[in-house]
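A.B. asks: Provided herewith is a single structure, encoded as structure tokens, for subsequent inquiry.
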Amino acid sequence: MSTAAAYSVSAADGRFEKVTIERRELGAHDVLIDIKYAGICHSDIHTARNEWHGTTYPCVPGHEIAGIVAAVGSAVTRHKVGDRVGVGCMVDSCGECAACVAGEQSYCLRGATMTYNTPVPEAFQPGGHTLGGYSTQVVVTENFVLSIPEGIALDQAAPLLCAGITLYSPLRHWNTGPGKRVAIIGMGGLGHVGVKLARAMGAEVTVLSQSLRKKDDGLRLGAQHYYATSDEQTFRELRGRFDLIINTVSANLPIEDYMRLLNLDGTLVILGLPDRPLAVQPFTLAAYRRSLAGSMIGGIPQTQEMLNFCAEHGIGAEVEVISADRIDEAYDRAVASDVRYRFVIDAATM
């Protein structure tokens, strides 16, 4: 076993503390990564605070990991010492089901092994559950390690491993490109990356946000239009406008109103997870053959495709780099939407 410094929380109402954790011995197909940066995702907050229930403590969150390969197992062929690499939301899957064979590991029919808070054998992670990227090192099976191209700074690349692929996957699945009108609901950690990606794909991009507070940022990052959803005129003016709407927020929105903004054969994709069921009138769906859909992160092949696309188009997350002793502060600020647009922990401060 090897040891690494990490930041862990021991209860839903606890604060993060510096600890030493164990990582498994390097297996033949494993990669040891020196973590340089770890993004803070809202999923980290939900898990650390047990808001989704089922959190196993002590909990070390973090599934937006960027670093450098420190060592490789004897059978590793995809990566070598010194490579710039990343790890996202998953660190393993069954590899045998139809989804895995198709490269859609996030939809593994037996359940993917997530980067943190998933029960695993002791040999996989000492302690019996996965521990994430708020740490100085991690050991990951080579098939779940991504290559980060030189065109992206590591701190800006870290959030792409979750926020980036979460937006890229539905944009690609629903054929975003020239001639398509795409709306992004929410201008936060997910939404701001979605704006950059959709614009780089050639779409006409609109941001739908509660207020116009971030309008200048939205236009700077690539949106051509920006509307406040607190203004009732917005929903009248934009009716039937969009081919694709991607909802990045977890608030309980009036989905019926947003569905009416879709054009013929338009789709509204749910990424944010509200705590109440969605309600849509059947006629709203039938009238223009509209669809209401959901999406998770993409699989490993698509995540690598996303990173390559971002490098080609100069896309990185907008980040605020913090020291590890400010994680609790960052959580509170993220909940208050006081970040533009993603906190990233400097692992050197651990």
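The values are calculated or read from the model by the stated rules, or taken from the named source; none is laboratory data. Everything numeric here is computed off the predicted structure, so don't read it as measured data. A quick note on method: Cβ atoms are made from the backbone with ideal geometry, for glycine too, and the neighbour counts reach across all protein chains shown. Just so you know, the surface numbers come from the protein's heavy atoms only, side chains and all, with ligands and any DNA or RNA stripped out. Shrake-Rupley method; radii C 1.70, N 1.55, O 1.52, S 1.80 Å.
A.B. asks: Cα gyration tensor of the stretch 164-294, axes a ≥ b ≥ c as square roots of the eigenvalues: rounded (a/c below 1.5), prolate (a/b > b/c) or oblate?
C.D. replies: The shape class here is rounded.
A.B. asks: Separate question: Quote to one decimal, in nm, the extra length available between Leu264 and Ser74 on full extension: 0.36 nm per residue of separation minus the C-alpha distance between them.
C.D. replies: Taking 0.36 nm per residue and subtracting the Cα distance, the gain is 63.0 nm.
A.B. asks: Between His79, Tyr288, Tyr134, whose Cα lies farthest towards the positive end of the dipole of the chain when Lys and Arg beta carbons carry +1 and Asp and Glu beta carbons carry -1, centred on the Cα centre?
C.D. replies: Tyr288
A.B. asks: What is the spin-label model distance, in nm, from Asn50 to Glu22 if the labels are put 7 Å beyond Cα along the C-beta direction?
C.D. replies: Inter-label distance under the simple model: 2.5 nm.
A.B. asks: What is the spin-label model distance, in nm, from Arg110 to Arg239 if the labels are put 7 Å beyond Cα along the C-beta direction?
C.D. replies: In this crude spin-label approximation the distance works out to 5.2 nm.
A.B. asks: Treat each spin label as a single point 7 Å out from the Cα along the C-beta direction, and report the Leu212 to Ala293 distance in nm.
C.D. replies: Going by the 7 Å Cα→Cβ label model, 3.3 nm.
A.B. asks: Cut-off under 20 Å on the C-alpha distance; same-chain residues fewer than 8 positions from Lys180 excluded. Which lysines are left, in chain and number order?
C.D. replies: Counting by Cα, and skipping residues close in sequence, Lys180 has these lysines nearby: Lys196.
A.B. asks: Averaged per residue, what accessible surface does the chain expose to a 1.4 Å probe, in Å²?
C.D. replies: With all protein chains present, the chain gives 42 Å² per residue.
A.B. asks: Once you've got the GNM for the chain with C-alpha springs shorter than 10 Å, pick whichever of Tyr134, Tyr37, Tyr227 has the biggest mean-square fluctuation.
C.D. replies: Highest fluctuation of the listed residues: Tyr227.
A.B. asks: Keeping all protein chains in the complex and leaving out DNA, RNA and ligands, what accessible area do you get for Arg172 with a 1.4 Å probe, in Å² to the nearest 10?
C.D. replies: 80
A.B. asks: Let me ask something else. Within the accessible area of the chain, what % is carbon and sulfur when the probe is 1.4 Å and the other protein chains stay in place?
C.D. replies: Percent of accessible area from carbon and sulfur atoms in the chain: 49.
A.B. asks: Let's see if you can work this out: charge +1 on each Lys and Arg Cβ, -1 on each Asp and Glu Cβ, no other charges. What is the dipole magnitude of the stretch 20-150 about its Cα centre, in debye to the nearest 20?
C.D. replies: The dipole magnitude comes to about 80 debye.
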